[in-house]
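A short write-up of the structure that comes next.
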Amino acid sequence: MEGAIAVAPERLDTLYDHGLELPYVEFGDIAPAIKLNAHGQEYWYYRTLPLKGYSAVLARYVRELQASDQAVLLARFQTRIYIYATGVRPIGAGKAPAA
C-alpha cells in the first residue's frame, strides 16, 4: 500500500450501517492507497475489514474516530473495506500529518 488517490466527488456514494451514513467509494481490483484526497481533505489509512462481516465492528471504529472529531471515508478495494480518516497517524510516519 502506497501513494495517494484523488477521489472525484461524483464517485462518492453513501454506505448505511447501524444508523450511520458514511461516505463510500468503490475502487474494485486496484491496489489500495495509503491516502485518499476528497473534499479538499486528506484521509489517511486507519484500518481494514473483510467485506464479509465488516458490519459487526465498523460502526464502533467509526464512532471512535468521530468522537475525536475525525472525518471518515470508506473505500472498497478488492474484497476488503478500508477505513480512512482525517487526523490519524499515517503508517510509518513519525508524527501525524500537518493540518
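Could you tell me which of Ile30, Val7, Tyr61 has its Cα farthest along the dipole of segment 1-61 towards the positive end, charges placed at Cβ (Lys, Arg +1; Asp, Glu -1), taken about the Cα centre? Final value for the positive-end residue is Tyr61. For the chain, DSSP calls about 75 percent of its internal beta bridges antiparallel. Amide H contacts of Arg47 (H built 1.01 Å from N, in plane; Pro and chain starts excluded): Ile83 sit under 5 Å, all sequence-distant by 5 or more or on other chains. Both radii were evaluated on the Cα set of segment 1-46; the Rg over Rh quotient, with Rh as the Kirkwood radius, amounts to 0.97. For Leu12, nonlocal amide neighbours, meaning residues 5 or more places apart or on other chains whose placed amide H falls under 5 Å from its own, do not occur. A simple count of charges around Tyr46, restricted to other residues whose Cβ falls under 12 Å of its Cβ and scoring Lys, Arg +1 and Asp, Glu -1, yields +2. Loop-located trypsin sites (Lys or Arg not before Pro) in segment 7-88 (DSSP state not H, G, I, E or B) with no more than 12 neighbouring Cβ atoms inside 10 Å: Lys52. Built from the Cα atoms of segment 4-85, the convex hull projects on average onto 4.9 nm², one quarter of its surface area.
How charged is the neighbourhood of Leu74? Take every other residue with its Cβ under 10 Å from the Cβ of Leu74, and add Lys/Arg as +1 and Asp/Glu as -1.
With Lys, Arg at +1 and Asp, Glu at -1, the net is -2.
We did not get these values from a lab; they are worked out from the coordinates using the rules stated. Not measured: the values here are computed from a predicted model. We place every Cβ from the backbone using ideal geometry, glycine too, and count neighbours over all the protein chains shown.
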